[in-house]
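Have a look at the structure below before the remarks.
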Amino acid sequence: MTAGDTPAADGNWGVEPAASVVRPFLLTAGRIAGGDGLVPPIPIETQVVATKLGLSALDAFVFDQHRDIVAVCRQPQSLAEIAAKLRMHLNVIRVLAEDLRADGQLALYAPQATSARDVTVLRRVIDGLRAIPDSRGAIREG
């Protein structure tokens, strides 16, 4: 495995899948996360998991992106992880995940508001981000 290898959709390491050529505003029909102003965007740490209904509909999705999101969510994933794995913009994932939740194909579990203000959680996130090697494979010093 080399530094540039990424996991394929089936979990195997190898060649990176091609990015979608479909523009983000087409995927969301021009909608934006939290665009109605009444409901804030789904937090990026929200855990998402496919429902039985979503898994049973995998072969029936009209859009590949919906199928890919549900397929990746066989195991709980955060919105950030889904965006990274599918190489899609986070706000596109937010909009599509909300659509899939409204259709009963995904379940979303938002974190408690108090944990978002916990300094230890923020410290662990920062330490985790610093542990990710850069494009040259070097770890950032903290």
* Asked: For the range 84-108, how many residues meet the condition of being open to solvent by less than 10 Å² (accessible area, probe 1.4 Å), free of Cβ contacts under 8 Å to residues at least 60 places away in the same chain and in a helix (DSSP H, G or I)?
  -> 3
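Out of the range 59-83, which residues are assigned to a helix (DSSP H, G or I) and of a type in the set (Val, Ile, Thr)? Before you say what the answer is, go through the steps one by one.
Our first condition is that a residue be assigned to a helix (DSSP H, G or I); within the range 59-83, this holds for 59-60, 64-72, 79-83.
Across the range 59-83, the qualifying residues are 69, 70, 72, 82.
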* Kindly provide the set of residues from the range 46-58 that are in a helix (DSSP H, G or I), surrounded by fewer than 20 Cβ atoms within 10 Å (Cβ to Cβ) and of a type outside the set (D, E, K, R), ordered by number. => 53, 55, 56, 58
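The values are calculated or read from the model by the stated rules, or taken from the named source; none is laboratory data. Just so it is clear, the structure is predicted and the values come from calculations on it, not from any experiment. Counting neighbours? That spans all protein chains shown, and the Cβs are built from the backbone with ideal geometry, glycine included. Quick note on the areas: whole protein, heavy atoms, side chains included, nothing else; ligands and nucleic acids left out. Shrake-Rupley method; radii C 1.70, N 1.55, O 1.52, S 1.80 Å.
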